[in-house]
Amino acid sequence: MGAGGRETPVRSRLSGESVDNRRPFNSFLKALSLASYHALSEQLVQVDLVAGACLQDDEAPVDWVYFPVSGLLSLVLAIETGESIETSMIGVDGAAGLIEACASQLSHVSCVVHIGGRGWRAPASAVRHLMLSDPGFCLQVWRFAELQVLEARQAAICLALHSAEHRLARRLLESQDRAGWRGPMPMTQESVATLLSVQRTTVTAYANVFQQLGLIAYKRGQVEILDYPALEAKACICRKVIQKHHDVLGITDPYSLSPAED
């Protein structure tokens, strides 16, 4: 297969009676009507999302749309200096390549597996066909596109108005929620600093404060949230704003999704 990890055998496709009737723990898949879900499920194949794997190259055709049920994907943009900037994360809250598959059919970022997990993928052509032929599916694509716009706007507000301490607390919580993760998460100070648009030393300083308060356990390359409610109290208001956006659009937010079972 192409980039993106290992596929399960065909018998594990979400079709017929080959799997149980529970939908995967993914916000987009859970938001679909029963008819739209069954139409898409005929094309879904389960994949292992291997940490470090590149699922999609920048400026390349989009061949697959990925729906994580655990793990975390990073969307990375290369700039003229040769450096790479992580622009956003996708986990159980969404799908990678969804908007591009239905529009330009080209990727404008690279998609890399940051935290390994599992997911489902469907051919971009099948997703595009449903977008054009199924009004219910089309509506859900537009809702997720609107959610992405709202989150981008909120990110700009957050960067301008909120402290690095509060933004760090929110990012740590969102990483765990979106990854469907429990326990230590692989996470470097460099990647967090890039997402927060701050210096690495700033991340180090606040991570040390959170650790001294017993909110997290941090060691090189790994973070574990020890006191979720207390860390949530430290997070900026953007977290609640984004949850409200999910409610208004009728999209299950990642905070209410259970971790995927192997």
Exercise. Would you say Ser110 is in contact (Cβ under 8 Å) with a residue 12 or more places away in the chain and either touching a Gly at 6+ places or on another chain (Cβ under 6 Å) or crowded, with 22+ Cβ neighbours inside 10 Å (or both)?
Worked result: no
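Yes/no matrix, rows are residues, columns are (1) within 13 Å of His114 (Cα to Cα); (2) aromatic (Phe, Trp, Tyr):
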residue: Leu161; (1), (2): no, no
residue: Arg170; (1), (2): no, no
residue: Trp181; (1), (2): yes, yes
residue: Gln189; (1), (2): no, no
residue: Val192; (1), (2): yes, no
residue: Val198; (1), (2): no, no
residue: Ala207; (1), (2): no, no
Exercise. Looking at the stretch 145-153, is at least one residue over 21 Å from Ile225 (Cβ atoms), assigned to a loop (DSSP other than H, G, I, E, B), at pLDDT below 90 and not charged (D, E, K, R)?
Worked result: no
Exercise. Just to be sure, is Asp247 assigned to a helix (DSSP H, G or I) and modelled with pLDDT under 85?
Worked result: yes
Problem set entry | Filter result for Val209 (over 22 Å from the mean Cα position of the chain (by Cα), not in a loop (DSSP other than H, G, I, E, B) and not polar (S, T, N, Q)) | yes
Exercise. Would you say Leu257 is surrounded by 18 or more Cβ atoms within 10 Å (Cβ to Cβ) and modelled with pLDDT under 85?
Worked result: yes
For this session: Being in a loop (DSSP other than H, G, I, E, B) and aliphatic (A, V, I, L, M) is the filter; apply it to the stretch 58-87 and report the residue that is nearest to Val109 (Cα to Cα).
Result: Ala60
For this session: Would you check which residues across the stretch 22-80 are closer than 21 Å to Cys138 by Cα and without any contact (Cβ under 8 Å) to a residue 24 or more places away in the chain and list them?
Result: Arg23, Leu34, Tyr37, His38
Exercise. Could you say whether any residue in the stretch 113-124 is closer than 22 Å to Ala60 by Cβ, assigned to a helix (DSSP H, G or I) and touching a residue at least 12 places away in the same chain (Cβ under 8 Å)?
Worked result: yes
Exercise. So which of Ser133, Ser104, Ser125, Ser88 ends up being surrounded by fewer than 20 Cβ atoms within 10 Å (Cβ to Cβ), at pLDDT below 85 and either assigned by TED's automatic domain parsing to the domain that holds Leu44 or not hydrophobic (A, V, I, L, M, F, W, C) (or both)?
Worked result: Ser88
Exercise. How many of the residues in the stretch 177-193 are in contact (Cβ under 8 Å) with a residue 12 or more places away in the chain, in contact with a helix residue (DSSP H, G or I) (Cβ under 8 Å, 6 or more places away or on another chain) and part of a helix (DSSP H, G or I)?
Worked result: 4
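The values are calculated or read from the model by the stated rules, or taken from the named source; none is laboratory data. These figures come from a predicted structure and were not determined experimentally. Using ideal geometry, Cβ is built from the backbone for each residue, glycine included, and neighbour counts are taken over all protein chains shown.
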